[in-house]
Amino acid sequence: MLNSDRRGALGPASLVDELLTREARWFVGGLLPSSVAEWFTAAPDVESGERVDTYDLESARRGIGRKHRNGESVDVKVRVRDLGDIPLADRLVGRLEDWRKVSRTADPSRPRLVAPMEVAKALHTRRFPLPGSDAGCEAELVQIEAAGATAWSLCFETYGDPTLRARAFRQGVDRFLAETPIPADLEFGPQRSLSYPALIARVGS
């Protein structure tokens, strides 16, 4: 992770955080079923909250995630590796991707997004730290509303030391499933596995 003043695509003299992450995400159309919310939030360590992110539709159409996060930061997310559809467990098969994420403090003087799309999110998050390191994996369940459409998403995403992302991802998924087995009537398959930029581009079309 970088914490520095630097110049470049994000603009001059910005406080920048940079991170390489590994993730798999699934989207399902419609409102989040109460049974799914109860399944995910049954654990005592769940953190919940709401925020509104504003995405740039033109960037999403190029496969890039560019957004204003709750008005507090500007995030740019670029895919650096597509590992394909990977079976993670029974009824859990997803597209595994590595992303480079760069975030800087929001600056009102900077140009606004070219084609903004507001996305309201109600999030539930659990963290699974990798012992002996600053790395780990987050499990996230989120209800999304954007451009009159509703959907919900399950995601696993790493944080911390990028050299440990493979271990962090695997142990995070394994720990989540050990504590929260997927119900027999719920399945996350490759046809539902896509990134936020892909979803934003689809909704915007």
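Out of ALA120, ALA139, which single residue is part of a strand (DSSP E or B) and open to solvent by 10 Å² or more (accessible area, probe 1.4 Å)?
ALA120
Among the residues of segment 47-63, count how many are surrounded by 15 or more Cβ atoms within 10 Å (Cβ to Cβ) and of a type in the set (A, V, I, L, M, F, W, C).
2
I'd like to check something: does segment 146-157 contain any residue that is open to solvent by less than 50 Å² (accessible area, probe 1.4 Å), over 24 Å from THR180 (Cβ atoms) and in contact with a strand residue (DSSP E or B) (Cβ under 8 Å, 6 or more places away or on another chain)?
yes
Would you mind stating whether ARG110 is in contact with a Gly (Cβ under 7 Å, 6 or more places away or on another chain), modelled with pLDDT under 95 and basic (Lys, Arg)?
yes
When you check GLU179 against the structure, is it within 19 Å of ALA37 (Cα to Cα) and surrounded by fewer than 18 Cβ atoms within 10 Å (Cβ to Cβ), yes or no?
Answer is yes for this residue.
Looking at segment 149-182 only, could you name the residues that are in contact with a helix residue (DSSP H, G or I) (Cβ under 6 Å, 6 or more places away or on another chain) and either part of a helix (DSSP H, G or I) or modelled with pLDDT under 95 (or both)?
Scanning segment 149-182 gives a single hit, ALA149.
If you check ARG126 against the conditions, is it open to solvent by less than 50 Å² (accessible area, probe 1.4 Å), among the charged types (D, E, K, R), at pLDDT 95 or above and not in a loop (DSSP other than H, G, I, E, B)?
yes
Tell me which strands (runs of 3 or more DSSP E) are completely within segment 1-77 and hold 3 or more residues being out of contact with any Gly (no Cβ under 9 Å at 6 or more places or on another chain), modelled with pLDDT under 90 and over 17 Å from ALA122 (Cα atoms), or say none if there are none.
4-6, 14-29
May I ask you to list the residues in segment 66-106 that are closer than 28 Å to LEU177 by Cα, open to solvent by 70 Å² or more (accessible area, probe 1.4 Å) and of a type outside the set (Lys, Arg)?
Across segment 66-106, the qualifying residues are VAL80, ASP82, ASP85, PRO87, ASP90.
The values are calculated or read from the model by the stated rules, or taken from the named source; none is laboratory data. All values derive from a computational prediction rather than experimental measurement. Because the Cβ atoms are built from the backbone with ideal geometry, glycine has one as well, and the counts that use them run over all protein chains shown. All accessible areas refer to the heavy atoms of the entire protein, side chains included, with ligands and DNA or RNA removed. Shrake-Rupley method; radii C 1.70, N 1.55, O 1.52, S 1.80 Å.
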